[in-house]
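Laboratory data are not the source of any read-out in this text; all were calculated from the coordinates shown. Bear in mind the structure is a predicted one, so any value in this text is a computation, not a measurement. Here the Cβ positions follow ideal geometry from the backbone for every residue, glycine too, while neighbour counts run over all protein chains shown.
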Amino acid sequence: MSNFTTMYVCSECGRTEGKWLGRCPDCGSWNSFVEEVVQKSGKRGKTKLVSDTNKSQTVALKEVIIEDDFRLTTEISEFDRVLGGGIMRGATVLLGGEPGIGKSTIMLQLLASIPTGSFLYVSAEESASQVRLRGDRLELNLDDIELFSDGRLEPLLTLLENNKYSVVVIDSLQTLYTNELPSAAGSVNQMRYCAMELVSLAKRVGFSLFLIGHITKEGHIAGPKVIEHLVDTVLYFEQAESDVRIIRAVKNRYGSVDEIGIFLMGEKGLIGVTDSANFFVSSRKEKSLPPGIAFTVVVEGSRAFMVEIQALVVPSKSNSPRLYSERIESSRVMRVAAVLERHARVQLLDKDIYVNVAGGIKLSEVSIELPLALALYSAVSSLPLPTYLVSFGEVSLAGEIRPVKYLEKRIKGATEMGLKKVVGPNLNIDDTTIKGVEVRRIDQALEVVKHL
């Protein structure tokens, strides 16, 4: 009798079923079940999907000792910023990004930038010589970094048990496999099993663990969603422009998820951008702006920086007007355009709308809705906005301009960037170098910019 059977596993949450289902009963995902060959259990007849939980003795919580060096700081300040101040000992981090974006590069740079410790780089995708060549090209100090070029889980666990490493990098999780499961590396069961074993060992032994994951065509980290629940921090590595990279946290148990790290890709690897105030604003020689450009100040964690929202509105040549917006959610652009139509009598119904953000950064704050509305109005009316103008505010469906968070930080950032006038709701400005114009409705805001 065969020891294996076929099961269907949800790639999002890991639920197993004996037959294929169109919709997962647990997480509600559609078409997420994939066929897996799994090993039968010897007694209960259930499939063996994960290893047994490690059994250990309990300890009184008040007797737990917190070491002084519970965080490892690196020489890459932008990465430390995203993690919440450094690498937490025993923490597990999942880093996802598109192929070729620089995940392996930043991880090798990270290990080389930590002042003290012993580090392990596990690479089953590349040969040892390829990793060494990358380190030499980046001119990194590789003295304290050991390399393990094998995708088998069991030898790796033995190595981690017998050696005291400070930080371990797995490049990548999709290449690991265990002999306990018959499925191929990268399958749902293999990734879940390997991730659970490594995360459990990292907590027990005390080393920091980085797992590199691939990105699907939908923009999510490949593999079962349970992996993101297992780890402490989930980071997304995004590409803005051709040489600009952004690391963004979507989950962080030891810090804020509002911080972002900005990097430039160069010959010597990724270089952090510490002065980002005007980094995402296009440089122009002209003293006036073209129509469709509006400035705003966004807040990401502890930093405020200026961004440029660009809009283009042209007559539609078909019965179905098009809307293209990659850096700002299309639904937000449609909503703001509808408010302009209804409450400011700006004709956009028969127009094709294109929206972009200079520098390629993605914006999701509600504060960008007022500058987005001004950019659309400027584009459709061919009225350029002043170069000294900045705006921020949330636009309601009733045409109201609502206040936003971190008002003082935004105004201070606008002042430092040389802007002279702010349009927004509930402004309370003490600084005499910048003037505020309070607006409460979208039609009032358009009247203000008409006479600037």
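Figures for the structure shown
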item: Estimated FRET transfer efficiency (PHE70, VAL205; beta-carbon r; R0 22 Å; 0.05); result: 0.90
item: Least to most buried among CYS194, CYS10 (fewest other Cβ within 10 Å first); result: CYS10, CYS194
item: Relative contact order (%) - the chain, alpha-carbon pairs under 8 angstrom, separation at least six; result: 12
item: Proximal charge balance of CYS27 [Cβ under 10 Å; K/R count +1, D/E count -1]; result: +1
item: Label zone at LYS435, where the point sits 7 Å out along the Cα-to-Cβ direction: the stretch 374-405 residues whose backbone N lies under 14 Å; result: 386-390
item: Phi to ³J(HN,Hα) by Karplus 6.51 cos²θ - 1.76 cosθ + 1.60 over the stretch 26-36, Hz, x for Gly, Pro; result: 7, 9, x, 6, 9, 6, 9, 7, 10, 6, 9
item: Cα-projected label distance for THR16 with GLU241, points at 7 Å along beta-carbon direction, nm; result: 5.1
item: Estimated 222 nm signal from helices in the chain, with DSSP H stretches of n ≥ 4 weighted -39500 (n - 2.57), rounded to 500; result: -7000 deg cm²/dmol
item: SER172, SER288, SER396 arranged by Cβ crowding within 10 Å, fewest neighbours leading; result: SER288, SER396, SER172
item: Net lengthening on full extension, LYS287/ARG342 (0.36 nm per residue, minus Cα-Cα); result: 16.4 nm
item: Distance between modelled label sites at THR158 and LEU397, nm, 7 Å Cα→Cβ extension; result: 6.3
item: Out-of-range pairs (alpha-carbon distance over 31 Å; input LYS268/LYS409; LYS103/LYS203; LYS412/LYS450; LYS251/LYS351); result: LYS268/LYS409; LYS251/LYS351
item: Residue order, fewest to most surrounding Cβ atoms within 10 angstrom, among HIS343, HIS229; result: HIS229, HIS343
item: FRET efficiency, LEU323 to GLU125 (Cβ-Cβ, R0 41 Å, nearest 0.05); result: 0.60
item: Degrees separating the helix 407-416 axis from the principal Cα axis of the chain, which is the longest one; result: 70
